Amino acid sequence: MSRYPEGVDVAIVGSGPTGAAYARILSEEAPDAVIALFEVGPTVSNPPGAHVKNIEDPALRAQAQERSEGPGAGSATVNSPGAVKSGERRARPGTYLLADGYQLAGEDGLPVAAFSSNVGGMAAHWTGACPRPGGSERISFLPDLDELLDEGDRLLGVTTNAFDQAPFTALVRERLAAAVDDGRDGAARVQRMPLAVHRREDGRLVWSGSDVVFGDVVRENPNFTLFDESLVVRVLIEDDRAVGVAVRDLRTGAEHEVRARVVVVAADALRTPQVLWASGIRPAALGRFLNDQAQVVYAARLRDVEPPPEDQVAASGALSEQSGVSWVPFTDDLPFHGQIMQLDASPVPLAEDDPVIPGSIVGLGLFCAKDLQWEDRVEFVDDERDSYGMPAMRLHYTLTPVDHAVLDRARAEIVELAHAVGEPIGDRPFTMPLGASLHYQGTTRMGQADDGRSVCDPDSQVWNVPGLFVAGNGVIPTATACNPTLTSVALAVRGARRIARDLAAYPAPVAERA
Ligand code: FAD
């Protein structure tokens with residue numbers, strides 16, 4: 001007996017925020033469409049896809065993180081940039097690293113390229129920063145980009161005021177603004193970071209995951225079903241069209257075929273090209289232009305601040321939020337995206353007789369846009385398998401002289417920002433191992449025309465494969481420095497609208513016709 005249907009209208013692969021965005025828009029705009037969503041990982045939170053930070057019990061939260069770590073579960077993880085400094089190759093909680101193929105001879109590689117395998121994908125573990133792209137980060141051939149980003153905000157539940165009560169938040173912004181705002185227009189000035197979070201009436205923060213993207217519309221849609229622990233091994237192709245998926249039920253090991261009018265692969269920027277490759281869909285640009293945001297971090301101690309009132313410091317001894325999250329937007333002149341947020345502790349030990357004012361230690365992070373290269377790519381090896389039995393990955397990745405120059409500038413800039421807010425902690429900023437940003441992009445990139453340098457059209461439909469859509473950060477064609485999820489959810493909205501509009505024009509699944 002199979003737990004899967006024989007045929008559906010839309011099969012979605014992957015339950016991260018971009019797969020969830022397809023389910024949401026289709027539930028809103030094509031409520032009669034029968035949708036099946038397949039997720040290789042288990043359900044680790046309630047409602048399905050919820051952020052694990054919302055799980056109050058630390059032991060249950062740690063369990064949910066470990067269950068998200070797929071084949072890496074049980075390996076030691078790190079939590080703060082400070083721990084990465086030790087030089088160990090470790091994943092963040094809720095994620096796991098590639099066992100091999102992450103750094104090839106003579107190349108920089110992406111040593112800490114990571115994945116999450118759980119309902120909700122990486123967005124059950126993310127920080128929720130949702131800045132908008134600016135300048136060259138924007139996709140110039142999408143005239144509706146701003147409206148799509150508004151929709152992305154709606155789906156992800158983005159707010160800007162969750163930390164307005166935090167006592168140091170305005171001060172941090174003021175000090176950063178004094179250092180960088182001169183000559184910038186409104187949108188590029190220092191501001192509150194838009195965050196996928198809201199505050200409940202009792203004051204607790206609720207972080208958005210795919211549960212928020214699904215919303216009640218999907219949860220109450222009788223035509224929608226989510227199948228966890230279900231690995232899509234390939235897309236079924238007939239007459240050069242996508243006609244369904246082959247899915248392995250990880251509970252039984254049995255493989256089944258589910259026919260569909262349309263297939264959406266939203267399996268992250270490294271596994272979406274893997275599914276296409278495994279299906280024999282191998283356009284020249286597949287896996288190419290792989291890009292990640294090199295990241296420089298530093299910490300500073302806010303100067304001239306008074307301790308916040310006792311009642312604003314959480315009773316458990318843990319810190320409540322004092323300094324919020326601030327954003328220094330990317331500009332083409334200063335090609336970094338800056339994220340400045342409170343750290344729970346100093347990344348380097350401070351003198352014992354040096355009491356720290358709660359919330360006065362802030363972490364500064366600058367993310368750099370990559371100099372895009374055709375040669376930076378994820379390749380797949382047919383005769384070698386990964387731990388799920390899919391074609392093994394090889395990551396080819398090299399920083400160019402332009403990348404090194406941008407990184408040098410970022411290291412200088414972050415020192416200035418640290419001095420602007422207070423006293424830097426530690427001798428110099430730290431450059432994170434490549435892959436640490438968790439923002440892999442470009443591998444199934446969107447293009448305006450089928451010129452061999454893109455994988456899908458502006459609606460995310462794969463060139464020359466009707467019925468096959470791709471989703472996720474891999475679709476973003478520009479080199480962004482800002483956190484990419486809002487942008488990839490916006491692109492998913494466009495693709496989902498196209499499917500909702502044209503669904504009847506795609507051939508019905510064979511099982512349904514019979
Ligand atoms: P994912 O969320 O990765 O989901 C893909 C899903 O597909 C996974 O659940 C996976 O198990 C599933 N899958 C893969 N292959 C298959 C298959 N063959 N069959 C079935 N299922 C499959 N981004 C931001 O924009 N802002 C941030 O502040 C931010 N902070 C982050 C902090 C952390 C600690 C982490 C881990 C990530 C962070 N990110 C952030 C990145 C963000 O989470 C991702 O950009 C986002 O989740 C990508 O969404 P997605 O739907 O494309 O892919």
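Only the coordinates and a few stated rules stand behind these numbers; no lab work does. These numbers were taken from a predicted model, which means no experiment stands behind them. Quick reminder, even Gly has a Cβ in these numbers, built from the backbone with ideal geometry, and neighbours come from all protein chains shown.
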**Request:** Restricting things to alpha carbons, tell me how big segment 103-212 is in terms of Rg and Dmax, in Å.
**Result:** 17.6, 54
**Fill in**
Of 155-161, 385-391, ordering from highest average Cβ density within 10 Å down gives 155-161, 385-391
**Stokes-Einstein D in µm²/s, Kirkwood radius over Cα pairs - segment 447-514 at 37 °C with 0.692 mPa s viscosity** = 248 µm²/s
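Assuming R0 = 22 Å, what is the FRET efficiency of GLN63 and LEU250, from their Cβ-Cβ distance, to the nearest 0.05? Before the final figure, lay out the partial values.
Working: r = 19 Å, r/R0 = 0.85.
Computed FRET efficiency for GLN63 and LEU250: 0.75.
May I ask for the net charge around CYS368, where only other residues with Cβ less than 11 Å from the Cβ of CYS368 are counted and Lys, Arg are +1 while Asp, Glu are -1? Each step should come with its number before you reach the end.
Values: positive: LYS370, ARG409, ARG411; negative: ASP292, ASP371, ASP403, ASP408, GLU413.
With Lys, Arg at +1 and Asp, Glu at -1, the net is -2.
Ranked from highest to lowest mean number of other Cβ atoms within 10 Å per residue, what is the order of the peptides 479-485, 103-109?
Values: 479-485: 26.3, 103-109: 14.4.
Result, highest mean first: 479-485, 103-109.
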**Message:** I'd like the Karplus ³J(HN,Hα) series for segment 438-450: coefficients 6.51, -1.76, 1.60, θ = phi - 60°, whole numbers in Hz, and an x wherever there's a Gly or Pro.
**Reply:** 6, 10, 8, 9, x, 6, 9, 5, 7, x, 7, 9, 7
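Kindly put HIS256, HIS51 in sequence by how many other C-beta atoms sit within 10 Å of each C-beta, fewest to most.
Values: HIS256 17, HIS51 26.
Ordered by Cβ neighbours within 10 Å, fewest first: HIS256, HIS51.
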**Request:** May I ask you to derive the FRET efficiency for ASN464 and VAL233 from their Cβ-Cβ distance with R0 = 22 Å, giving the value to the nearest 0.05?
**Result:** 0.50
**Asked** If r is the Cβ-Cβ distance from GLU423 to TYR388 and R0 is 45 Å, what FRET efficiency results, to the nearest 0.05?
**Response** 0.40
**Request:** Among TYR440, TYR22, TYR102, rank each residue by its count of other Cβ atoms within 10 Å, from fewest to most, as a rough exposure measure.
**Result:** TYR102, TYR440, TYR22
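Starting from the eigenvalues of the Cα gyration tensor, five times each then square-rooted, give me the equivalent ellipsoid semi-axes of segment 133-267, largest first, whole Å.
On the way: eigenvalues 339, 97, 35 Å².
Over the Cα atoms of segment 133-267, the ellipsoid semi-axes are 41, 22, 13 Å.
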**Message:** Could you work out how much longer the chain between ARG501 and HIS404 gets when fully extended? Use 0.36 nm per residue separation minus the Cα distance between them, nm to one decimal.
**Reply:** 30.4 nm
**Cα pair distances in segment 1-92, grouped into 10 Å bins until the bin that holds the longest one, percent each** = 13, 33, 30, 17, 6, 0
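Would you mind counting up the charge near ASN161? Only other residues with Cβ under 11 Å from its Cβ, with Lys and Arg at +1 and Asp and Glu at -1.
+1
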**Item:** Three semi-axes of the equivalent ellipsoid, segment 371-514, Cα gyration tensor, whole Å, largest first
**Value:** 38, 20, 15
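Summing +1 for each Lys or Arg and -1 for each Asp or Glu, what net charge is found among the other residues whose Cβ lies under 11 Å from the Cβ of PRO48? Could you put the intermediate results ahead of the total?
Values: positive: ARG219; negative: GLU39, ASP211, ASP228.
Net of charged neighbours comes to -2.
Mind checking the alpha-carbon convex hull of segment 164-228 and giving the volume per residue in Å³?
Working: hull volume 10.3 nm³, N = 65.
For segment 164-228, the hull spanned by Cα atoms encloses 159 Å³ per residue.
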**Request:** Quickly work out the ALA170-to-ASP144 label distance, labels modelled 7 Å from Cα along the C-beta direction, and quote it in nm with one decimal.
**Result:** 4.0 nm
**Request:** Rank by packing, highest mean first: peptides 259-272, 418-431, with packing defined as the count of other Cβ atoms within 10 Å averaged across residues.
**Result:** 259-272, 418-431
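Let a ≥ b ≥ c be the square roots of the eigenvalues of the Cα gyration tensor of segment 148-194; is it rounded (a/c under 1.5), or, if not, prolate (a/b larger than b/c) or oblate? Each step should come with its number before you reach the end.
On the way: a/c = 5.04, a/b = 1.38, b/c = 3.64.
It comes out oblate by the Cα gyration axes.
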**Message:** Would you work out the Kirkwood radius for segment 362-404? I mean one over the mean of 1/r across all pairs of different Cα atoms, in Å.
**Reply:** 13.0 Å
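Expressed as a rounded percentage, what relative contact order does the chain have, with Cα pairs under 8 Å and six or more residues apart?
Details: 1244 pairs, mean separation 119.1, N = 514.
In percent, rounded to a whole number, it is 23.
From the square roots a ≥ b ≥ c of the eigenvalues of the alpha-carbon gyration tensor of segment 207-298, which class results: rounded (a/c under 1.5), prolate (a/b over b/c), or oblate? Intermediate values should be presented prior to the final figure.
On the way: a/c = 1.87, a/b = 1.09, b/c = 1.71.
Note, shape of segment 207-298 comes out oblate.
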**Prompt:** Among TRP463, TRP126, what is the fewest-to-most ranking by other Cβ atoms within 10 Å?
**Reply:** TRP463, TRP126
**Message:** Using the Karplus curve 6.51 cos²θ - 1.76 cosθ + 1.60 with θ = phi - 60°, what ³J(HN,Hα) values do you get for each residue of segment 236-248, in whole Hz, with x for Gly and Pro?
**Reply:** 7, 10, 9, 6, 6, 10, 7, 10, x, 9, 9, 10, 9
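For segment 414-509, what is the relative contact order in percent, using Cα pairs closer than 8 Å and at least 6 residues apart in sequence? Numbers along the way, then the final one.
Working: 104 pairs, mean separation 19.7, N = 96.
Once normalised by length, the contact order is 21 percent.
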**Prompt:** Could you give me the ³J(HN,Hα) list for segment 470-477, computed from phi with Karplus coefficients 6.51, -1.76, 1.60 and θ = phi - 60°, whole Hz, x at Gly and Pro?
**Reply:** 10, 9, x, 5, x, 7, 5, x
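What does the helix-only formula give at 222 nm for the chain: each DSSP H stretch with n ≥ 4 adding -39500 (n - 2.57), the total divided by the residues, and the result rounded to the nearest 500 deg cm²/dmol? Display every interim value, and only then the final one.
Details: 10 runs with 112 residues, N = 514.
Here the helix-only value at 222 nm equals -6500 deg cm²/dmol.
In cubic angstrom, how much convex hull volume per residue do the alpha carbon atoms of segment 217-362 span?
On the way: hull volume 38.9 nm³, N = 146.
Given the Cα convex hull of segment 217-362, per-residue volume reads 266 Å³.
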**Request:** Measure nothing fancy, just the Cα-based angle from helix 401-421's long axis to the longest principal axis of the chain, in degrees from 0 to 90, nearest 10.
**Result:** 40 degrees
**Fraction of alpha-carbon pairs over 30 Å apart in the chain - percent** = 45 percent
**Fill in**
Once normalised by the length of segment 1-130, the mean sequence separation of its alpha carbon contacts under 8 Å that are 6 or more apart gives a contact order in percent of 28 percent
